[in-house]
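Every number in this text was worked out from the coordinates using simple rules, so none of it is lab data. All values derive from a computational prediction rather than experimental measurement. Cβ placement follows ideal geometry from the backbone for every residue including glycine, while neighbour counts extend to all protein chains displayed.
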Amino acid sequence: MLQDIVVRSITEDGLIRGAAAITTDLVENARTRHNTAPTATAALGRALIANIFLALNLKGDDTITMRFLGDGPLGGIITQADANYNVKGYVQNPNCHLPSTPQGKLDVGSAVGKNGFLYVTSDLGLKDRYTGSSPLISGEIGDDVAYYLHQSQQTPAVVAVGVLIDRDWKCIAAGGFFLQVMPGVTEEALTKLENNLKNISSVTQLISQGYTPEKMLSLAFQDMAFKVIDKDRPKFTCDCNKKRLEKVLISLGREELEDMIAKDKGAELRCHFCSEYYYFSSEELAALVKEIDSK
């Protein structure tokens, strides 16, 4: 099996940016942590991959968060990626699984829903975060992200993301490619790119056949000179820790903490993003009560 990797590229004239990724292990990690059913896995996996593509130009501690809030049975999808291609995320209904489409595909569009919005929040280390939004046009994730980029940045983009699930519900192939056209691109280059894309089969089929990200990009950029800018390993990872969750407990207030001590003899909190559990004993909660009193 090919290792997870993200490859970033650009055409020699600098007018078409591209990236391709293999994220099979990453999506399987997310599936295992959240115990998602196949349709939910496909939706979450596509969103995680797309979020990595939106994070391609981040620096330092910058992050980009995506929220798909549709009217389908899946509920919301929330993901976040940083400059090092660390990504995390979850779905509100991990048990969502729908009958396949007539084409035999997992019905992600119906699970997400076509009525709703995609919200993208950029945290670039400034005083204020910026949030943009666009309507969902299909619920299929890739199309919705491409539409958002066209609406927010006025630059056409292709966001092809795919997740292949085996009969035992494990992810056996995941990844995608991303292309974004810059102002000044020629009609000839656009036509060539469009023709190349028509001849590309599904992303998961390419990955299953052993295509590397570079090889996927060479299909998109056929007869077009391009160069690889960098490569990195994407990871499903979370920055949650017990200290952060202490702040959550403190925010509940003295009365709520004392109630937990009396009734539950402690507290157990779960991180939505990675499903990691953290246990707080009654003694630890009592220490937090003292901290509240000292302020």
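Restriction of the GluC sites (Glu not before Pro) in segment 211-295 to DSSP coil positions whose beta-carbon has at most 16 other beta-carbons within 10 angstrom yields E276.
Here's the picture: charge each Lys and Arg Cβ at +1 and each Asp and Glu Cβ at -1 in the chain, and of L124, A30, L54 the one pushed furthest to the positive end of that dipole is A30. The tail of the calculated P(r) for the chain, taken as Cα-Cα distances beyond 37 Å, holds 20 percent of the pairs. Angle of helix 254-264 to the longest C-alpha principal axis of the chain, folded into 0 to 90 degrees and rounded to 10: 80°.
In whole percent, what relative contact order does segment 5-236 give with Cα contacts below 8 Å and a gap of six or more residues?
Contact order relative to length: 28 percent.
Within segment 234-270, which trypsin sites (Lys or Arg not before Pro) sit in a loop by DSSP and count at most 15 neighbouring Cβ atoms inside 10 Å? Sparse-neighbourhood loop trypsin sites (Lys or Arg not before Pro): K265. Across all Cα pairs in segment 36-145, the calculated P(r) in 5 Å bins from zero up to the longest distance comes to 2, 14, 24, 23, 17, 11, 6, 2, 1, 0 percent per bin. First measure r as the distance between the Cβ atoms of L2 and W169, then evaluate 1/(1 + (r/R0)^6) with R0 = 30 Å and state the FRET efficiency to the nearest 0.05. Calculated transfer efficiency: 0.90. As a size descriptor, the averaged projected area of the C-alpha convex hull of segment 1-49 was calculated at 4.2 nm². Applying a 4.7 Å cutoff between beta carbons, the unpaired cysteines of the chain are C96, C171.
Other residues with beta-carbon under 13 Å from the beta-carbon of M224 carry, at +1 per Lys or Arg and -1 per Asp or Glu, a net charge of -2.
Ranked for footprinting exposure by Cβ neighbours inside 10 Å, fewest first, V185, V91, V248 give V248, V185, V91.
Quick check for me: using +1 on Lys/Arg Cβ and -1 on Asp/Glu Cβ, what's the dipole size of segment 242-293 about its Cα centre, in debye to the nearest 20? Let's see the in-between values first.
Details: 9 positive and 12 negative charges, 48 e Å.
It works out to roughly 240 debye.
Within the shell defined by Cβ-Cβ distances under 14 Å, the residues around H34 carry a net charge of +3, with Lys and Arg each +1 and Asp and Glu each -1.
Restricting to the chain, what percent of DSSP beta bridges are antiparallel, rounded to 5?
95
Among the trypsin sites (Lys or Arg not before Pro) in segment 1-98, those placed in a DSSP loop whose Cβ has at most 13 other Cβ atoms within 10 Å are K59. Only helices enter this figure: runs of n ≥ 4 DSSP H residues, each worth -39500 (n - 2.57), summed and divided by the residues of the chain, yield -10500 deg cm²/dmol at 222 nm to the nearest 500.
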